[in-house]
Amino acid sequence: MIKKDKYKIYFVFMTIYIIFAFYNFQNESKWLLDNILAMFLLTVMLFVNNWLKVGRMEFLLFNIAFLLHNLGTFGFYNYTWSIFAYDNLVHFIGSFVVACIAFNFIERKLHIKETERIKKTLLDEHKVIFIFLIMASVAMLGVFVEIIEFFGFLYLGSGEGLFFIGQGDSGNINDLAGQYTDTMTDILVNTLGSVFGVLFFYMFKCSKRRWWRY
(Lines give C-alpha, C1' and ligand atoms only; values in the text may rest on other atoms or scores of the structure.)
Protein backbone atom coordinates (compact mmCIF):
# COMPACT_ATOMS: atom_id res chain seq x y z
CA MET A 1 0.00 0.00 0.00
CA ILE A 2 1.27 3.47 -0.86
CA LYS A 3 2.26 5.30 2.31
CA LYS A 4 0.28 8.40 1.37
CA ASP A 5 -2.92 6.38 0.88
CA LYS A 6 -2.39 4.61 4.19
CA TYR A 7 -2.19 7.86 6.14
CA LYS A 8 -5.15 9.37 4.30
CA ILE A 9 -7.36 6.46 5.31
CA TYR A 10 -5.97 6.54 8.83
CA PHE A 11 -6.65 10.24 9.44
CA VAL A 12 -10.12 10.15 7.88
CA PHE A 13 -11.31 7.32 10.12
CA MET A 14 -9.43 8.54 13.16
CA THR A 15 -11.22 11.89 12.79
CA ILE A 16 -14.57 10.09 12.60
CA TYR A 17 -13.83 8.06 15.75
CA ILE A 18 -12.67 11.17 17.62
CA ILE A 19 -15.93 12.93 16.73
CA PHE A 20 -17.87 9.89 17.91
CA ALA A 21 -15.82 9.77 21.12
CA PHE A 22 -16.46 13.45 21.84
CA TYR A 23 -20.18 12.95 21.21
CA ASN A 24 -20.34 9.93 23.52
CA PHE A 25 -18.29 11.67 26.20
CA GLN A 26 -20.69 14.61 26.14
CA ASN A 27 -23.66 12.24 26.40
CA GLU A 28 -22.00 9.96 28.98
CA SER A 29 -22.50 6.99 26.67
CA LYS A 30 -20.62 3.73 27.17
CA TRP A 31 -20.05 3.64 23.39
CA LEU A 32 -17.02 5.79 24.26
CA LEU A 33 -15.15 2.57 25.13
CA ASP A 34 -15.85 1.16 21.66
CA ASN A 35 -14.66 4.39 20.04
CA ILE A 36 -11.40 4.20 22.00
CA LEU A 37 -11.00 0.53 21.05
CA ALA A 38 -11.51 1.41 17.36
CA MET A 39 -8.88 4.17 17.55
CA PHE A 40 -6.44 1.80 19.25
CA LEU A 41 -6.91 -1.00 16.69
CA LEU A 42 -6.74 1.47 13.81
CA THR A 43 -3.39 2.72 15.10
CA VAL A 44 -2.10 -0.83 15.57
CA MET A 45 -3.13 -1.72 12.03
CA LEU A 46 -1.32 1.37 10.75
CA PHE A 47 1.98 0.02 12.08
CA VAL A 48 1.52 -3.67 11.25
CA ASN A 49 -0.18 -3.40 7.85
CA ASN A 50 3.09 -3.90 5.96
CA TRP A 51 3.84 -7.07 7.91
CA LEU A 52 0.27 -8.31 7.39
CA LYS A 53 0.56 -7.40 3.69
CA VAL A 54 -2.66 -5.37 3.97
CA GLY A 55 -3.40 -3.40 0.81
CA ARG A 56 -5.35 -0.18 0.43
CA MET A 57 -8.67 -1.94 -0.16
CA GLU A 58 -8.23 -4.31 2.80
CA PHE A 59 -7.26 -1.39 5.07
CA LEU A 60 -10.32 0.55 3.93
CA LEU A 61 -12.65 -2.43 4.47
CA PHE A 62 -11.12 -3.00 7.92
CA ASN A 63 -12.12 0.51 8.92
CA ILE A 64 -15.56 0.31 7.34
CA ALA A 65 -16.26 -2.80 9.41
CA PHE A 66 -15.34 -0.97 12.62
CA LEU A 67 -17.28 2.10 11.54
CA LEU A 68 -20.42 0.00 11.08
CA HIS A 69 -20.05 -1.22 14.65
CA ASN A 70 -19.47 2.27 16.02
CA LEU A 71 -22.60 3.57 14.29
CA GLY A 72 -24.30 1.91 17.22
CA THR A 73 -23.58 5.27 18.84
CA PHE A 74 -26.69 6.53 17.06
CA GLY A 75 -28.89 3.52 17.78
CA PHE A 76 -28.25 1.57 14.57
CA TYR A 77 -28.31 -1.72 16.48
CA ASN A 78 -32.01 -1.19 17.08
CA TYR A 79 -32.76 -1.55 13.36
CA THR A 80 -34.21 -4.81 12.07
CA TRP A 81 -35.48 -5.94 8.66
CA SER A 82 -37.82 -8.89 9.08
CA ILE A 83 -35.64 -11.63 10.64
CA PHE A 84 -32.42 -9.79 9.72
CA ALA A 85 -30.98 -7.34 12.25
CA TYR A 86 -28.30 -4.65 11.98
CA ASP A 87 -26.21 -6.70 14.40
CA ASN A 88 -26.21 -9.55 11.85
CA LEU A 89 -24.93 -7.16 9.17
CA VAL A 90 -22.04 -6.01 11.37
CA HIS A 91 -21.01 -9.57 12.24
CA PHE A 92 -21.25 -10.74 8.64
CA ILE A 93 -19.22 -7.87 7.17
CA GLY A 94 -16.66 -8.02 9.98
CA SER A 95 -16.03 -11.73 9.41
CA PHE A 96 -16.02 -11.24 5.64
CA VAL A 97 -13.33 -8.56 5.88
CA VAL A 98 -11.17 -10.53 8.34
CA ALA A 99 -11.37 -13.59 6.04
CA CYS A 100 -10.15 -11.52 3.08
CA ILE A 101 -7.28 -10.05 5.13
CA ALA A 102 -6.30 -13.51 6.43
CA PHE A 103 -6.37 -15.06 2.96
CA ASN A 104 -4.38 -12.14 1.56
CA PHE A 105 -1.80 -12.62 4.31
CA ILE A 106 -1.47 -16.33 3.57
CA GLU A 107 -1.18 -15.70 -0.14
CA ARG A 108 1.49 -13.00 0.04
CA LYS A 109 3.40 -13.87 3.22
CA LEU A 110 3.85 -17.63 3.03
CA HIS A 111 4.92 -17.93 -0.58
CA ILE A 112 7.41 -20.58 -1.66
CA LYS A 113 9.97 -20.12 -4.42
CA GLU A 114 8.89 -21.41 -7.78
CA THR A 115 10.73 -24.11 -9.60
CA GLU A 116 10.47 -25.05 -13.25
CA ARG A 117 10.07 -28.76 -12.52
CA ILE A 118 6.84 -28.57 -10.52
CA LYS A 119 3.57 -28.01 -12.34
CA LYS A 120 1.05 -28.14 -9.50
CA THR A 121 0.89 -25.32 -6.95
CA LEU A 122 0.49 -25.69 -3.21
CA LEU A 123 -3.10 -24.52 -3.51
CA ASP A 124 -3.77 -27.08 -6.23
CA GLU A 125 -2.71 -29.85 -3.86
CA HIS A 126 -4.21 -28.54 -0.61
CA LYS A 127 -6.99 -26.16 -1.64
CA VAL A 128 -9.62 -27.51 0.76
CA ILE A 129 -7.21 -27.52 3.71
CA PHE A 130 -6.18 -23.89 3.14
CA ILE A 131 -9.75 -22.69 2.75
CA PHE A 132 -10.96 -24.63 5.79
CA LEU A 133 -8.14 -23.40 8.05
CA ILE A 134 -8.77 -19.77 7.15
CA MET A 135 -12.50 -20.15 7.71
CA ALA A 136 -11.80 -21.81 11.06
CA SER A 137 -9.37 -19.09 12.18
CA VAL A 138 -11.87 -16.32 11.35
CA ALA A 139 -14.69 -18.19 13.08
CA MET A 140 -12.42 -18.58 16.13
CA LEU A 141 -11.91 -14.80 16.21
CA GLY A 142 -15.69 -14.43 16.19
CA VAL A 143 -15.92 -16.78 19.16
CA PHE A 144 -13.35 -14.61 20.98
CA VAL A 145 -15.64 -11.59 20.50
CA GLU A 146 -18.50 -13.61 21.98
CA ILE A 147 -16.32 -14.47 24.98
CA ILE A 148 -15.75 -10.73 25.54
CA GLU A 149 -19.52 -10.23 25.45
CA PHE A 150 -19.94 -13.13 27.87
CA PHE A 151 -17.63 -11.51 30.43
CA GLY A 152 -19.59 -8.29 29.96
CA PHE A 153 -22.75 -10.25 30.69
CA LEU A 154 -21.23 -11.71 33.85
CA TYR A 155 -19.50 -8.65 35.32
CA LEU A 156 -20.54 -5.39 33.64
CA GLY A 157 -24.30 -5.58 33.24
CA SER A 158 -26.47 -3.45 30.97
CA GLY A 159 -25.18 -0.70 28.71
CA GLU A 160 -24.20 0.19 25.18
CA GLY A 161 -21.44 -1.25 23.03
CA LEU A 162 -19.39 -4.43 22.82
CA PHE A 163 -18.62 -4.76 26.53
CA PHE A 164 -22.14 -4.50 27.93
CA ILE A 165 -25.56 -6.11 27.48
CA GLY A 166 -27.72 -3.78 25.40
CA GLN A 167 -28.01 -2.76 21.76
CA GLY A 168 -27.34 -5.72 19.49
CA ASP A 169 -27.93 -8.22 22.29
CA SER A 170 -31.22 -9.51 23.65
CA GLY A 171 -31.33 -6.32 25.72
CA ASN A 172 -32.40 -8.00 28.97
CA ILE A 173 -29.63 -9.33 31.18
CA ASN A 174 -32.13 -11.68 32.87
CA ASP A 175 -33.32 -13.18 29.59
CA LEU A 176 -30.96 -16.16 29.47
CA ALA A 177 -32.74 -17.75 26.51
CA GLY A 178 -32.43 -14.50 24.58
CA GLN A 179 -28.74 -14.19 25.43
CA TYR A 180 -28.12 -17.77 24.30
CA THR A 181 -30.01 -17.20 21.05
CA ASP A 182 -28.11 -13.97 20.38
CA THR A 183 -24.74 -15.64 20.97
CA MET A 184 -25.49 -18.59 18.71
CA THR A 185 -26.89 -16.30 16.00
CA ASP A 186 -23.71 -14.20 16.11
CA ILE A 187 -21.54 -17.32 15.81
CA LEU A 188 -23.56 -18.60 12.85
CA VAL A 189 -23.41 -15.23 11.07
CA ASN A 190 -19.67 -14.97 11.78
CA THR A 191 -19.20 -18.39 10.20
CA LEU A 192 -21.21 -17.40 7.13
CA GLY A 193 -19.18 -14.21 6.80
CA SER A 194 -15.92 -16.14 6.94
CA VAL A 195 -17.15 -18.63 4.32
CA PHE A 196 -18.25 -15.93 1.89
CA GLY A 197 -15.08 -13.89 2.52
CA VAL A 198 -12.77 -16.81 1.78
CA LEU A 199 -14.72 -17.90 -1.30
CA PHE A 200 -14.87 -14.31 -2.60
CA PHE A 201 -11.12 -13.84 -2.21
CA TYR A 202 -10.33 -17.18 -3.79
CA MET A 203 -12.69 -16.82 -6.74
CA PHE A 204 -11.83 -13.25 -7.66
CA LYS A 205 -8.17 -13.03 -6.73
CA CYS A 206 -6.57 -16.45 -6.45
CA SER A 207 -8.22 -18.83 -8.85
CA LYS A 208 -7.03 -16.95 -11.95
CA ARG A 209 -3.33 -17.18 -11.20
CA ARG A 210 -0.77 -19.66 -9.97
CA TRP A 211 0.13 -19.79 -6.32
CA TRP A 212 3.05 -21.09 -4.34
CA ARG A 213 5.01 -24.02 -5.67
CA TYR A 214 6.74 -26.80 -3.81
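The values are calculated or read from the model by the stated rules, or taken from the named source; none is laboratory data. Keep in mind it's a predicted model, so treat the numbers as computed, not measured. Backbone-built Cβ (ideal geometry, glycine too); neighbour counts: all protein chains shown.
Among the residues of segment 1-36, write down those that are hydroxyl-bearing (Ser, Thr, Tyr) and closer than 18 Å to Lys53 by Cα.
Taking segment 1-36 and keeping what is hydroxyl-bearing (Ser, Thr, Tyr), we get 7, 10, 15, 17, 23, 29.
Residues satisfying the conditions are Tyr7, Tyr10.
Which residues, counting only those in segment 49-70, are of a type outside the set (A, V, I, L, M) and either on the phi > 0 side of the Ramachandran plot or not in a helix (DSSP H, G or I) (or both)? Can you show your working first?
The initial filter retains those residues of segment 49-70 that are of a type outside the set (A, V, I, L, M), namely 49-51, 53, 55-56, 58-59, 62-63, 66, 69-70.
Within segment 49-70, Asn49, Asn50, Trp51, Lys53, Gly55 meet the criteria.
State whether one or more residues within segment 31-46 are assigned to a loop (DSSP other than H, G, I, E, B) and outside the structural domain of Phe201 (by TED's automatic domain parsing). Walk me through how you get there before you give the answer.
At the first step, the residues of segment 31-46 found to be assigned to a loop (DSSP other than H, G, I, E, B) are none.
No - not one qualifying residue is present in segment 31-46.
Restricting attention to segment 15-26, the residues being farther than 18 Å from Val90 by Cβ, out of contact with any Ser or Thr (no Cβ under 8 Å at 6 or more places or on another chain) and surrounded by 12 or more Cβ atoms within 10 Å (Cβ to Cβ) number 5.
Looking at Thr15, Thr73, which is the one that is without any contact (Cβ under 8 Å) to a residue 12 or more places away in the chain, among the hydroxyl-bearing types (Ser, Thr, Tyr) and not in a loop (DSSP other than H, G, I, E, B)? Give the derivation first.
Working: Thr73 fails: without any contact (Cβ under 8 Å) to a residue 12 or more places away in the chain.
Only one candidate passes the filter, namely Thr15.
Does Asn49 satisfy the condition of being more than 29 Å from Thr183 (Cβ to Cβ), buried (at least 18 other Cβ atoms within 10 Å of the Cβ) and of a type outside the set (Lys, Arg)?
Working: more than 29 Å from Thr183 (Cβ to Cβ): yes; buried (at least 18 other Cβ atoms within 10 Å of the Cβ): yes; of a type outside the set (Lys, Arg): yes.
Spelling it out, Asn49 is indeed more than 29 Å from Thr183 (Cβ to Cβ), buried (at least 18 other Cβ atoms within 10 Å of the Cβ) and of a type outside the set (Lys, Arg).
Report whether or not Leu42 is closer than 27 Å to Thr191 by Cβ, without any contact (Cβ under 8 Å) to a residue 40 or more places away in the chain and within 15 Å of the chain's Cα centre (by Cα). When the stated conditions are applied, Leu42 passes them.
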